[in-house]
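First comes the structure, then the notes that go with it.
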Amino acid sequence: MTDQLRVAPAPPKVPWLPSRLNGEAIRGAAILLPFVALFVVLSVASGPFFSTTNLLNVVNQQSAILIMAAAGTLVLVAGGIDLSIGAVYALGAVVSAKVTLQLGAGAGAAAGIAAGLIIGLANGIVVSVFRINSLIATLAMSFVVAGVASRVTSGNIIVLLDHPSFGNLANTEILGVNSSTWIAVIVVVGAGVLLARTAAGRYMYAIGGNAEAARLAGVRVRAVSVATFMISGAAAGLAGCIAASRVLTAGQTSPGPDVAFTVLAGIVVGGTSIMGGEGAVWRTVVGVLFIALIGNGFDLLGLDPFYKQIVLGLLIMIAVGIDAWYRRRGRA
């Protein structure tokens, strides 16, 4: 039965690389080379770009996105997709803010993460137990969660200026770097190790490559799938806490609908297959930062921001096209 367990189609070969490195090399080069090229171009074209202050600001501004994208990579690798992360991000922000007003910063942060974890569990059950397509299920859940967030705030903005300790979650400087960045680093490393170095990670690849073969091989498909959605939900809740902590305010509409798009764009541009069974957290990080550098470059060079959306759309189409080409060549 284990012979039936295929994670992904065999990759096209690069003659000068060992076979086990071919697929990773092609996927990695597809995002790493453009990233390096863009970094060099912006360093030459804009003096402020290469400053320590600017680079740290870019990473810090992307800390919440990196947290959600690292966790979201696990979901996509396992063959699912989570479109509710934007709404969960908002819910994590408002729940953490609301609880902080009553019980303090520590309880508020824990409540925001717990809210995301519960939504993730619900997503996992709906998708894995009731067999509803993950795209439809999580899209529907996003409307439910947005409604809950609106009810929590009663349509108002929650202000935490009288609770500066809550701001320490995101704004404390450690070795010159904001704590929100350090939290993102911890989450990214944890997700990367989980996916690349553990049995659970191998199960995610197996499920995304062929869920039925994985089940026949003894993998607890439902449990692993539910776990990925729970991790994604908890990460979105944590990201919402960080967002609220950074500005000491929270509202159900503050994150906007672009959060889920930005996260998924970073994952896909980083080379994670939308069909499942293929992906890596480190590539997701490069994908998120690549998109962030494009936005930063537009700002520093004074370019028309309307073109940024066009560029991002083209990048996503190219990334999906590369994935489709990769799989066709693998089947051939």
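Read the figures in this text as sums done on the coordinates, not as results from a lab. Everything numeric in this text was worked out from a predicted model, so none of it was measured. Don't worry about glycine lacking a Cβ; one is built from the backbone with ideal geometry, like all the others, and counts go over all protein chains shown.
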Exercise. Mind running the shape call on the chain? Use the C-alpha gyration tensor, a ≥ b ≥ c as the square roots of the eigenvalues: rounded below 1.5 for a/c, prolate if a/b tops b/c, oblate otherwise.
Key: oblate
Quiz item: Peptides 278-291, 154-167, 41-54, 101-114: what's the order by average Cβ count within 10 Å, highest mean first?
Solution: 278-291, 101-114, 154-167, 41-54
Quiz item: Roughly how many debye, to the nearest 20, is the charge dipole of region 177-332 about its Cα centre, given +1 on each Lys and Arg Cβ, -1 on each Asp and Glu Cβ, and no other charges?
Solution: 660 debye
Quiz item: According to a simple spin-label model (label point 7 Å from Cα along Cα-to-Cβ), what is the distance in nm between ALA110 and VAL320?
Solution: 4.3 nm
Quiz prompt | Pairwise label distance in nanometres, VAL144 with ALA223, each label 7 Å out on the Cα-Cβ vector | solution = 2.4 nm
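Using the Cα centre of the chain as the reference point, and only Cβ charges (+1 on K/R, -1 on D/E), how large is the resulting charge dipole? Debye, rounded to the nearest 20.
So the dipole magnitude of the chain works out to roughly 1020 debye.
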Quiz item: Under the definition of Cα pairs under 8 Å and six or more residues apart, what whole-number percent is the relative contact order of region 74-217?
Solution: 30 percent
Self-check item: region 191-267: trypsin sites (Lys or Arg not before Pro) falling in loop per DSSP and having at most 14 other Cβ within 10 Å
Solution: ARG220
Quiz item: Once a ≥ b ≥ c are taken as the square roots of the eigenvalues of the Cα gyration tensor of region 137-206, is the result rounded (a/c under 1.5), prolate (a/b larger than b/c) or oblate (a/b not larger than b/c)?
Solution: oblate
Quiz item: Once the piece of chain linking SER43 and GLU212 is laid out straight, how much longer is it, given 0.36 nm per residue of separation minus the C-alpha distance between them?
Solution: 56.0 nm
Quiz item: How much mean residue ellipticity at 222 nm does the chain get from its helices, if each DSSP H run of length 4 or more adds -39500 (n - 2.57) and you divide by all residues, to the nearest 500 deg cm²/dmol?
Solution: -25000 deg cm²/dmol
Quiz item: When only alpha-carbon atoms count, how far does region 198-270 stretch along each of its three principal axes, as whole angstroms with the largest first?
Solution: 49, 23, 20
Quiz item: Points 7 angstrom from Cα along the Cβ direction at ASP304 and GLU173: gap in nanometres?
Solution: 4.0 nm
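Tell me the relative contact order for the chain as a rounded percent, counting alpha carbon contacts under 8 Å between residues six or more apart.
Numbers: 601 pairs, mean separation 109.0, N = 332.
Once normalised by length, the contact order is 33 percent.
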Quiz item: Considering region 29-139, what Rg and Dmax in Å follow from its alpha-carbon atoms?
Solution: 18.7, 54
Self-check item: Mean Cβ neighbour count within 10 Å, used as a protection proxy, ranking 55-67, 132-144 highest first
Solution: 55-67, 132-144
Quiz item: If r is the Cβ-Cβ distance from VAL189 to GLN61 and R0 is 22 Å, what FRET efficiency results, to the nearest 0.05?
Solution: 0.65
